[in-house]
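Okay, structure first, notes after.
The values are calculated or read from the model by the stated rules, or taken from the named source; none is laboratory data. Given the structure is predicted, the values throughout are model-derived calculations rather than measurements. A quick note on method: Cβ atoms are made from the backbone with ideal geometry, for glycine too, and the neighbour counts reach across all protein chains shown. Each accessible area value is taken on the protein alone, full model and side chains, heavy atoms only, with ligands, DNA and RNA left out. Shrake-Rupley method; radii C 1.70, N 1.55, O 1.52, S 1.80 Å.
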Amino acid sequence: MAEMMPHTHIIGTGSSIPNRILSNKDLESIVDTTDEWITRRSGIKERRISSKEAEESTTDLTTQASLKAIEMAGVSPKNLDMIVVGTVTPDRQFPSAACMVQEALNAQNGMAFDVSAGCTGFLYALSVADNAIRSGTCGTALVVGVERLSTILNWKDRGTCVLLGDGAGAVVVASTREKGGILSSHLKSDGSFWELLYSYYGNSYTPEILQGIDIKPFQLSMDGNRLFKQAVKCLSSIANEALEHNSISSDDIGLLVPHQANIRIIKAMAKNLRVPMERVYTNIHKYGNTSSASIPIALDEANREGLLSKGDYVLLVSFGAGLTWGASIVRWSI
Ligand code: COA
């Protein structure tokens, strides 16, 4: 019976941001760019760059963000039935970032795996956990978005290296009979656009081919201009789909928490959706685009800043490599 179905509530949030700040001014001495250009075209003023030596590996950042979310949720790591991590920059090709953090948290009682969906990774991961909870196979889950894109950037390409940054965000979700929580998730992808944003190399290339080439493997390539137009279109349509599905209007949205890729993309989408910028959370000026980490970091900051109240409708919407895109509507539970 539908009313007996469990609902998935977010009961804790956490984030972890690397210490080292790289400002636009700093970037002026790395590539041919200016603070003025980066600020005007993207809204970014600075970003964080992680270092393994500073205990800011993907596993470290994930663990720190997760511990904060777990503490807020008041659950024991032993009670996590699922750990699902959205990332394209795990510390190792395998095992998954999720298994690495499972060990760090001493949370060996459930399943752990990663989801690769570019910047939409967190929303994909959240939807997987939500479906597992609704179907009754899972009671409590940890969902993380983490990225260390600085490790795969081409630091000679001014078109990309100025836009991205590192960080992690996490939520704990739990099954309850109380209505609310994650109302619906809407996920899409279109692989025919994969060349708009991808990493060079990977397992399809033999190690020999890298010898003598003066570039690091996995470097990120992006067609920013085409991506920009695609992003505004896809974000607006998927957000509208989520609103219509739940029979709510954009006036009902307490806070729009979008993927932080470019302030101009965010403003164009908000305008299409008719959500005033006062109800749109942005922190892109501080962190740049942290890919799958951007929504959970923003959600955690908004939550800790007291911008979310129990019962508020929160619209999460994201877009990224794949291409992938998605939206979730959450009735806030904390
Ligand atoms: N500093 C100075 N000039 C730069 C620059 C930089 N960091 N990066 C690019 N430029 C130059 C270009 O070379 C180009 O010069 P040209 O006209 O002489 O060829 C000029 O600026 C305009 O480039 P263009 O790419 O048309 O600018 P834009 O207005 O599209 O802005 C982005 C560029 C990347 C900021 C924008 O396209 C964007 O944000 N796209 C989406 C990116 C994104 O969201 N990616 C992640 C998705 S999850």
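In region 109-122 there is no residue that is out of contact with any strand residue (DSSP E or B) (no Cβ under 6 Å at 6 or more places or on another chain), of a type in the set (S, T, Y) and more than 16 Å from the ligand (Cβ to nearest atom).
In region 253-264, the count of residues that are surrounded by 18 or more Cβ atoms within 10 Å (Cβ to Cβ), assigned to a loop (DSSP other than H, G, I, E, B) and in contact with a Lys or Arg (Cβ under 9 Å, 6 or more places away or on another chain) is one or more.
Across region 157-177, the qualifying residues are those that are away from the ligand (no atom under 16 Å from the Cβ) and more than 15 Å from the chain's Cα centre (by Cα), and the one among them that is surrounded by the most Cβ atoms within 10 Å (Cβ to Cβ) is V173. State whether the residues of region 57-78 include one that is farther than 18 Å from N19 by Cα, free of Cβ contacts under 8 Å to residues at least 24 places away in the same chain and out of contact with any Ser or Thr (no Cβ under 7 Å at 6 or more places or on another chain). Within region 57-78, one or more residues are farther than 18 Å from N19 by Cα, free of Cβ contacts under 8 Å to residues at least 24 places away in the same chain and out of contact with any Ser or Thr (no Cβ under 7 Å at 6 or more places or on another chain). Residues of region 281-318 that are away from the ligand (no atom under 16 Å from the Cβ), not in a helix (DSSP H, G or I) and not polar (S, T, N, Q): Y281, E305, G306, L307, L308, K310, G311, D312, Y313, V314, L315.
Checking each residue in region 97-114 for being open to solvent by 20 Å² or more (accessible area, probe 1.4 Å) and more than 15 Å from D81 (Cα to Cα) picks out M100, A104. Considered as a group, the residues in region 45-76 that are polar (S, T, N, Q) and within 18 Å of G110 (Cβ to Cβ) include one that is surrounded by the fewest Cβ atoms within 10 Å (Cβ to Cβ), and that residue is S76.
Which of the residues spanning region 244-267 are of a type outside the set (V, I, T) and out of contact with any Phe, Trp or Tyr (no Cβ under 9 Å at 6 or more places or on another chain)? Across region 244-267, the qualifying residues are E244, H245, S247, S249, S250, D251, K267.
Per-residue answers, yes or no, for (1) assigned to a helix (DSSP H, G or I); (2) more than 16 Å from the ligand (Cβ to nearest atom):
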site: H9; (1), (2): no, yes
site: P18; (1), (2): no, yes
site: D26; (1), (2): yes, no
site: V31; (1), (2): no, no
site: I38; (1), (2): yes, no
site: R47; (1), (2): no, no
site: D60; (1), (2): yes, yes
site: L67; (1), (2): yes, yes
site: E71; (1), (2): yes, yes
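Residues in region 283-316 that are farther than 17 Å from V171 by Cα and among the aliphatic types (A, V, I, L, M): I284 alone.
Of the numbered criteria (1) without any contact (Cβ under 8 Å) to a residue 60 or more places away in the chain; (2) out of contact with any Leu (no Cβ under 7 Å at 6 or more places or on another chain), the one G43 fails is (1).
Entry remark, region 284-323: residues being in contact (Cβ under 8 Å) with a residue 60 or more places away in the chain and open to solvent by 10 Å² or more (accessible area, probe 1.4 Å) number 12 in total. Evaluated against (1) within 16 Å of the ligand (Cβ to nearest atom); (2) over 30 Å from N154 (Cβ atoms); (3) without any contact (Cβ under 8 Å) to a residue 40 or more places away in the chain, A239 falls short on exactly one condition, (3).
Sub-6 Å Cβ pairs linking a first residue in region 224-236 that is over 15 Å from E195 (Cβ atoms) and more than 8 Å from the ligand (Cβ to nearest atom) to a second residue that is polar (S, T, N, Q) and open to solvent by less than 100 Å² (accessible area, probe 1.4 Å), at least 6 apart or interchain, are S236/N272, ordered by first then second residue.
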